[in-house]
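**Q** Encoded as structure tokens, here's the structure I'll be asking about.
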Amino acid sequence: MENNTKSIPLFEATLYPHRSLPPQVFWWLMAGIAGVSFTTGLVFASIGAWPIMGFFGLDVLFFFIAFRLNYRSGRLLETVRLTREELLIRRIHPSGMIEEWRLEPYWLRVNTIPTAEEIGTPQAEIRLSSHGKTLSLGRFLTDNERTDFSNALNSALSRCRAKPGQY
């Protein structure tokens, strides 16, 4: 039986945005915001400015919507899988839409675009370039994560381009 080493992954990674506020703490935060808003609204209502209470309710609603949208955007997922034949990138959007790219690893170049402070770009990113086409990855990663990922992918690409017994 022939051993097919071409489809064995040389590198696999899953990239996703970090959310520092755990869901349980989110509910405690929302309860605190609602409590402060309700108490302050009662103070205004007691002095005759009862319409203000509605605005405090809207504030709580806007906080809730903003946090929920933030959590929803955190469901973005990018997977990277390198074999000897291809680099497969799959991006799963929060809506469930899936985008997929297949790139030939031999011609692939990985460039890390510096942070905004360094060169004035709006957002740092990792760019994969091959045959005149460019794909952006990991816009949500921190600078250290971006550098680590870029170095790991470059190392895996070097192993991929080497002869099978060489590395």
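**Q** Do the conditions hold for GLU99, that is, is it in contact with a His (Cβ under 9 Å, 6 or more places away or on another chain), more than 16 Å from ALA13 (Cβ to Cβ) and either part of a helix (DSSP H, G or I) or not polar (S, T, N, Q) (or both)?
**A** On the way: in contact with a His (Cβ under 9 Å, 6 or more places away or on another chain): yes; more than 16 Å from ALA13 (Cβ to Cβ): yes; either part of a helix (DSSP H, G or I) or not polar (S, T, N, Q) (or both): yes.
Against the criterion (in contact with a His (Cβ under 9 Å, 6 or more places away or on another chain), more than 16 Å from ALA13 (Cβ to Cβ) and either part of a helix (DSSP H, G or I) or not polar (S, T, N, Q) (or both)), GLU99 qualifies.
**Q** Restricting to region 48-85, name every residue that is touching a residue at least 40 places away in the same chain (Cβ under 8 Å) and over 24 Å from HIS18 (Cα atoms).
**A** Hits for region 48-85 are THR83, ARG84, GLU85.
**Q** Among the residues of region 86-104, write down those that are of a type in the set (D, E, K, R) and either surrounded by 15 or more Cβ atoms within 10 Å (Cβ to Cβ) or touching a residue at least 24 places away in the same chain (Cβ under 8 Å) (or both).
**A** Pass one, region 86-104, residues of a type in the set (D, E, K, R): 86, 90-91, 99-100, 102, 104.
Those that are of a type in the set (D, E, K, R) and either surrounded by 15 or more Cβ atoms within 10 Å (Cβ to Cβ) or touching a residue at least 24 places away in the same chain (Cβ under 8 Å) (or both): GLU86, ARG90, ARG91, GLU104.
**Q** In this structure, does THR112 turn out to be at pLDDT below 75 and among the polar types (S, T, N, Q)?
**A** Working: at pLDDT below 75: no; among the polar types (S, T, N, Q): yes.
Criteria not met by THR112.
**Q** Hey, among GLU12, GLU2, which residue is modelled with pLDDT of 90 or more, among the acidic types (Asp, Glu) and not assigned by TED's automatic domain parsing to the domain that holds PRO105?
**A** Working: GLU2 fails: modelled with pLDDT of 90 or more.
Sole residue among the options that is modelled with pLDDT of 90 or more, among the acidic types (Asp, Glu) and not assigned by TED's automatic domain parsing to the domain that holds PRO105: GLU12.
**Q** Of all residues in region 76-90, how many are in contact with a Ser or Thr (Cβ under 9 Å, 6 or more places away or on another chain) and under 27 Å from PHE26 (Cα atoms)? Talk me through it step by step, then tell me what you get.
**A** Applying the first criterion (in contact with a Ser or Thr (Cβ under 9 Å, 6 or more places away or on another chain)) to region 76-90 yields 77-80, 83-85, 87-90.
The next check asks that each one be under 27 Å from PHE26 (Cα atoms); those that pass are 77-78.
The total comes to 2.
**Q** Determine whether region 32-40 contains at least one residue that is under 30 Å from CYS160 (Cβ atoms) and either exposed (fewer than 11 other Cβ atoms within 10 Å of the Cβ) or of a type in the set (Lys, Arg) (or both).
**A** The initial filter retains those residues of region 32-40 that are under 30 Å from CYS160 (Cβ atoms), namely none.
So far as region 32-40 goes, no, none of its residues is under 30 Å from CYS160 (Cβ atoms) and either exposed (fewer than 11 other Cβ atoms within 10 Å of the Cβ) or of a type in the set (Lys, Arg) (or both).
**Q** In addition: May I ask you to say which residue of ILE126, ILE89 is at pLDDT 85 or above, within 13 Å of the chain's Cα centre (by Cα), not in a helix (DSSP H, G or I) and not aromatic (Phe, Trp, Tyr)?
**A** Details: ILE89 fails: within 13 Å of the chain's Cα centre (by Cα).
Only one candidate passes the filter, namely ILE126.
**Q** Further, regarding this structure: Name the single residue, out of those in region 15-27 being exposed (fewer than 10 other Cβ atoms within 10 Å of the Cβ) and at pLDDT 85 or above, that is farthest from the chain's Cα centre (by Cα).
**A** Per the criteria, the residue is GLN24.
**Q** Let me ask something else about it. Let me spell it out: the conditions are (1) in contact with an Asp or Glu (Cβ under 7 Å, 6 or more places away or on another chain); (2) under 16 Å from ARG139 (Cβ atoms); (3) not assigned by TED's automatic domain parsing to the domain that holds ASP143, and SER37 meets all of them except one. Which number is the exception?
**A** Result: SER37 passes all but (2).
The values are calculated or read from the model by the stated rules, or taken from the named source; none is laboratory data. If you're wondering where the values come from, they're calculated on a predicted model, not measured in any experiment. Note: ideal-geometry Cβ built from the backbone for every residue, glycine included; neighbour counts use all protein chains shown.
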